[in-house]
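Since every read-out is calculated from the coordinates, none of them should be taken as a lab result. Please read these numbers as outputs of a predicted model, since none were measured by experiment. Cβ coordinates were reconstructed from backbone atoms using ideal geometry, including for glycine residues, and neighbour counts include every protein chain displayed.
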2 protein chains.
Amino acid sequence: MVFGGKTVAGIKDVAKKAGVGVGTVSRMINDSGYVAEKTKKKILEAMEELDYTPNELARNLYHKRSGIIALLIPEIANPFFSRFVSYVEQELYAFGYKIMLCSTANESNAERDYLNMLKRHIVDGVITGVHSLDIEEYKKMNKPIVALDRYLDENIPVVASNHKEGGRIAAEILVSNGCKKVLHFIGETSVSSPYHERHKAFNLVMKENHVDVISYTLKRNLMEAQYYKDAAKEAFEKNTDFDGIFATDLPAVECMKEAIRRNKRIPEDIKIVAYDGTPVTELMEPELTTIVQPIDKLAKSTVELLMDEINGNKYKGKKVFLDVQGKEGKTAKIVNSY
Amino acid sequence: MVFGGKTVAGIKDVAKKAGVGVGTVSRMINDSGYVAEKTKKKILEAMEELDYTPNELARNLYHKRSGIIALLIPEIANPFFSRFVSYVEQELYAFGYKIMLCSTANESNAERDYLNMLKRHIVDGVITGVHSLDIEEYKKMNKPIVALDRYLDENIPVVASNHKEGGRIAAEILVSNGCKKVLHFIGETSVSSPYHERHKAFNLVMKENHVDVISYTLKRNLMEAQYYKDAAKEAFEKNTDFDGIFATDLPAVECMKEAIRRNKRIPEDIKIVAYDGTPVTELMEPELTTIVQPIDKLAKSTVELLMDEINGNKYKGKKVFLDVQGKEGKTAKIVNSY
């Protein structure tokens, strides 16, 4: 069989040039039986000369594998996810897998479309950092899946940061900096995700320390700067006497800019602790104090679990929580080491 | 043929349930012959009931198409490329294509490995924003290719911003702001790319206006903040009497931070014009004046040319240059409108 354009050499041409049968070439390509070393050398030379590379699609059909992992995320332009994808790609590359990228935030039906497509395609596995659909859709997939920061099903392992620790550390930083009233920007609450633990733990520490918390819920999948800019502006208009802010990187940045525009001194008047620790926190002047999610380790762990599943391992109720770390910038002092 | 796991219904099951022959179902799936509307309805109902979706891999083998476009970029975590990929994905989605992501900066052999892989795989086309290899490797691909901002071969169309205009506009902004001596950070010069026009045009306008230009060449594929931070620091240490800076977004940001650390007033002491116009320029306080590359239009044009090629169009010496735009922030005034 020859595919991929008329000018490409096929297995028959290789066999002819090497002076062996087509079956021998096929056995060698698919590693499906004995071929003498001397013969292998002849075949390799023929392949080289003809610039022949075995057709992956035909091989995949035979082996029922594609070497492709689908990666579902809300939006690649978001700095957390672009970094996560970068690390996942590096990890998968080491295992010989490629990424099919599926961003779902820009089209209302994208998640459903992609899942349907993935049912038809032989992708060897799925990593998902989204879910707005019925969990049933994921269960139907019948493929190895690992979820990032999302609870989907007992049979789908989840990898996440230890958000409980993250929320606690953020709260303790603001408390030890003397804050009495803080703005707390929280993520969409309708999703079943480990990240809610962050908000719970944060609020608990604040309550124990008699710090007032004013919460704002940010909508999902609206990751454009303007949305956060407007949210920051609104929060600053409605509240005047607060002295601390806790939010993920991008809304934290917009809050800091709003504070600077209003001639608030940072950290003297307002302390800010960001969450995620993507490079945008380092781009700022002053640099943001932040709780860093270990994006590299999240990627590594996600890929390892997926490889386990592809190799036949079944997980039940598997959850991996990875340590976060406080990183001092200039928007709040870190007294204890975390 | 049935693939993709033991529990999945096959074409035979669908045919049996619908009470028709396998050939009829196959004709419908592949749109390869007449099937009566009434029969189609019966088949669709059977598919629905059995949760059957035709196996894409088998169909691809038949149609010699995969529905996958490979996208080679240096590094997805770079804000320009994460945005470009986001737009390309949206454009391709509308045409029913998916992206295979190939970042090449993190592994020394990644570009060669990916190109070898792409020769074997039936990807339907390639979009590349990298090239460190022999152009011969791309010529051998024998697949539709479009290049972003890179000259590869006469037969490979190139899409780029009108960098000549971009360089001219940036220079005119700095001149009209009264600059007399500027730092100019330029990209790797060993690559054959339309972006060199930016530097030439910038230098020409500066020469005409008797403005001194001190050039620094930044290395390729080193997109980490620390590298730019060090470069900015070095430039500030070696030069004291400059009053303007021209650089792409990330080094421009690091220059601004270095200036702030040295208590330089912006724009009073130093004017800054950035190039690219990714969202990081808006994240800064003060926001950066920047020349905006039309990343959405670059993506649209790239995808359109690729679709043309997939549909059999051959291009020879095709170059598409898209308008850039000056966008005023607070680091330099824009007197004329561009």
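Using a Gaussian network model of chain A whose springs link C-alpha atoms within less than 10 Å, name the residue from A:Glu197, A:Glu282, A:Glu49 with the highest mean-square fluctuation.
Most flexible of the set in this elastic network: A:Glu49.
Taking the C-alpha atoms of segment B:125-242, how large are the radius of gyration and the largest Cα-Cα span, Dmax, in Å?
17.2, 53
Can you give the charge dipole size of the protein assembly as shown about its Cα centre, rounded to the nearest 20 debye, using +1 on the beta carbon of Lys and Arg and -1 on the beta carbon of Asp and Glu? Mind showing how you got there, number by number?
Details: 96 positive and 96 negative charges, 370 e Å.
That gives a dipole near 1780 debye.
Where does each of B:290-296, A:319-325 land if you order them by average Cβ count within 10 Å, highest first? If you can, show how the numbers build up before the last one.
Numbers: B:290-296: 23.1, A:319-325: 16.7.
By packing density, highest mean first, the sequence is B:290-296, A:319-325.
With viscosity set to 1.002 mPa s at 20 °C, what whole-number translational diffusion coefficient in µm²/s follows for segment A:194-334 from Stokes-Einstein and a Kirkwood radius over Cα pairs? Spell out each step's value before the answer.
On the way: Rh = 16.9 Å.
The diffusion coefficient I find is 127 µm²/s.
Using modelled backbone amide H atoms (1.01 Å from N, in-plane), which distant-in-sequence or interchain residues come within less than 5 Å of A:Gly326's amide H?
A:Val292, A:Tyr338
Which value in Å is the Kirkwood Rh of chain B over different Cα pairs?
One over the average 1/r among Cα pairs gives 22.8 Å for chain B.
For a quick check: with amide H placed at 1.01 Å from N, whose amide H comes under 5 Å from B:Gly244's, ignoring anything fewer than 5 positions away on the same chain?
Distant-sequence amide H within range of B:Gly244: B:Lys181, B:Leu183, B:Lys271.
What nm value, rounded to one decimal, do you get for the distance between A:Glu268 and B:Asn106 when each label is placed 7 Å out toward the C-beta?
4.3
For segment A:327-333, in order, what is each residue's ³J(HN,Hα) by Karplus, 6.51 cos²θ - 1.76 cosθ + 1.60 with θ = phi - 60°, in whole Hz (x at glycine and Pro)?
After applying 6.51 cos²θ - 1.76 cosθ + 1.60, I find 10, 6, x, 10, 9, 5, 7 Hz.
Taking amide H atoms as placed 1.01 Å from N in the peptide plane, list the residues 5 or more away in sequence, or in a different chain, whose amide H sits under 5 Å from that of B:Thr289.
Result for B:Thr289 returns B:Ala274, B:Gly329, B:Lys330, B:Thr331, B:Ala332.
Please work out the Cα center distance from segment B:83-119 to segment B:288-338, rounded to the nearest Å.
20
Compute the orientation-averaged projected area for the protein assembly as shown from the convex hull of its Cα atoms and round it to one decimal in nm².
Numbers: hull surface 135.0 nm².
Mean shadow area of the hull around the Cα atoms is 33.7 nm².
Just add up the charged neighbours of A:Val211: K/R +1, D/E -1, any other residue whose Cβ is under 10 Å from the Cβ of A:Val211.
Values: positive: A:Lys180, A:Lys181, A:Lys207; negative: A:Glu208, A:Asp212, A:Asp243.
Here the charged neighbours net out to 0.
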